[in-house]
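For reference, the structure discussed in these notes is given below.
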Amino acid sequence: MLHCRLDCCKVSYMSMRTVSLKLLATPDQSVALSALASVFADACSAIVQHAVEHRCWNRVALHHLAYYPVRERLPSLGSQMVCQAVHRVADAYKTLKANKGIAKDKPVPAINFNPTSVNFDKRTYSIKGDVLSLFTLDGRAKVPFVCGRYQRNLLSSGIPKEARLIIRKGIWYFNLVLNIPDAAPSSGSGSMGVDVGENNLSASSTGKVWGGGQLRHSRDEYLAHRRRLQANGSRAAKRKLRTISGRERRHVKHVNHEVSRSIVAEAVNSGAGEVRMEDLTNIRANIKAGKRVRTRLHRWAFRQLQDFVAYKARGAGLAVTFVDPAYTSKTCSVCGTIGARVKHLFSCATCGTRLHSDVNGARNIAGFAKPIGIARGCKVTSPKFAHQVLPVAVESPVL
Ligand SMILES: [Zn+2]
């Protein structure tokens, strides 16, 4: 993913997005796709042998080693598909290496490939209207597909790149990567800070708070359920554990999508040209909370919310900047001195400010990085923070 979390990168982005097309394959077409997936997996397994033997996962080198032997062994697969299989195996080994799955002094493990997915590229598929034309072992198959309105918009605006055909619960899907050019830069000026929090999912420097109540409640339920299953320890319990953790992940993802959409809408409506968020790389160390709280919202959930905000903001033409989170929750966003934070309330003894603590944090996030312009409608009250913070438009809740 083209993704830079550094301050310096305010270049324009081509973001990569994946759309999932559900294929309406006839029984015959489904058989043909299964046959292709089976031979593709055979090709991958054959290429794995070369990778293991030569400790090689560089795509070009692996291609030189494996291409002709595999073409000879599986002539029906065709030249492009063999290239795709090499590509797939090389990527799988690179991922394994990145995850420290390959030790220097031990043999390279053989990766197993199931006949459930096939890589495609521009030479092995094409799209015309609602019909996908796919390479199969006996000629092209023209398979109609369906997708949602949102995905269709992406499909019409993006440039199709590589893709993967997969089967899930008996249904074929075509997961297609698109290059999406970013929207024209927004005419907004000023920055909106976004704090992703512990008590609340998120708060903006414009004063809006997105509560975490619903998510926290359901996560507590999942947690209790998980504990019971872990204590049980049987195979059936382990299987059930996998099912509910997948369900939980999908639920969090759904909430994160909704909240991030609302956050970006808030930024656009307040006339921001930029969204600022904390760089949460070290958040684990920063959360000083009991185990009960820490297990509620994992780091990946925060990170996912930030990632969703980032790509949606860029899609709306907003700049996205990550800032150092140091002192963002302790500093008074009005006078810049250190204040006291008690649960949802931030209070400053120096200037008497009382603010929702997450909103105070978000206002500091909006203020920490270098200014990009005077915020629209922002009254200059403090030279230190004058440049950045969009005015609080919404009455803070809680107070
Ligand atoms: Zn103050």
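Taking 16 Å as the cut-off, the amide N atoms of region 303-321 that come nearer than this to a point 7 Å along the Cα-to-beta-carbon line of residue 253 belong to 303-309.
I need the shape label for region 188-283. Rule: rounded when a/c is under 1.5, else prolate if a/b > b/c, else oblate, with a, b, c from the alpha carbon gyration tensor. Prolate, because a/c is 1.5 or more and a/b exceeds b/c.
Protein heavy-atom surface of region 1-147, 1.4 angstrom probe: 56% of the accessible area is carbon and sulfur, with nucleic acids and ligands not counted. Once the 1.4 Å probe is applied to the protein heavy atoms, region 152-223 comes out at 42 Å² accessible per residue. Shown here for region 75-173: trypsin sites (Lys or Arg not before Pro) in loop regions (DSSP other than H, G, I, E, B) with at most 10 other Cβ atoms within 10 Å, namely 100, 104, 169. For the pair region 330-366 / region 235-285, the C-alpha centres are spaced 25 Å from each other. Available extension along the chain between residue 55 and residue 128 is 22.1 nm, counting 0.36 nm per residue and deducting the alpha carbon span.
For region 5-136, what class follows from the C-alpha gyration tensor (a ≥ b ≥ c being the square roots of its eigenvalues): rounded when a/c is under 1.5, otherwise prolate if a/b is larger than b/c, else oblate? The partial results should precede the final answer.
Working: a/c = 2.05, a/b = 1.09, b/c = 1.88.
It is oblate, given that a/c is not under 1.5 and a/b is not larger than b/c.
Cross-link partners of residue 253 among aspartates and glutamates, defined as those whose alpha carbon lies under 12 angstrom from its own and excluding same-chain residues fewer than eight positions apart: 307.
Using Cβ point charges alone (K and R +1, D and E -1), the dipole size of region 139-206 about the Cα centre works out to roughly 740 debye.
For the pairs 169/240; 142/169; 97/240; 22/161, note any where the Cα-Cα span goes beyond 25 Å. Checking Cα-Cα distances, 97/240 exceed 25 Å.
For region 140-233, the gyration tensor built on C-alpha atoms gives an oblate shape. Its axis ratio a/c (a ≥ b ≥ c) is at least 1.5, and a/b is not larger than b/c. Apolar share of the accessible surface for region 302-374: 58 percent from carbon plus sulfur atoms, 1.4 Å probe.
The values are calculated or read from the model by the stated rules, or taken from the named source; none is laboratory data. The structure presented is a predicted model; accordingly, all values stated were derived computationally and were not measured. We place every Cβ from the backbone using ideal geometry, glycine too, and count neighbours over all the protein chains shown. What goes into the accessible areas is simple: the full protein's heavy atoms, side chains included, and nothing from ligands, DNA or RNA. Shrake-Rupley method; radii C 1.70, N 1.55, O 1.52, S 1.80 Å.
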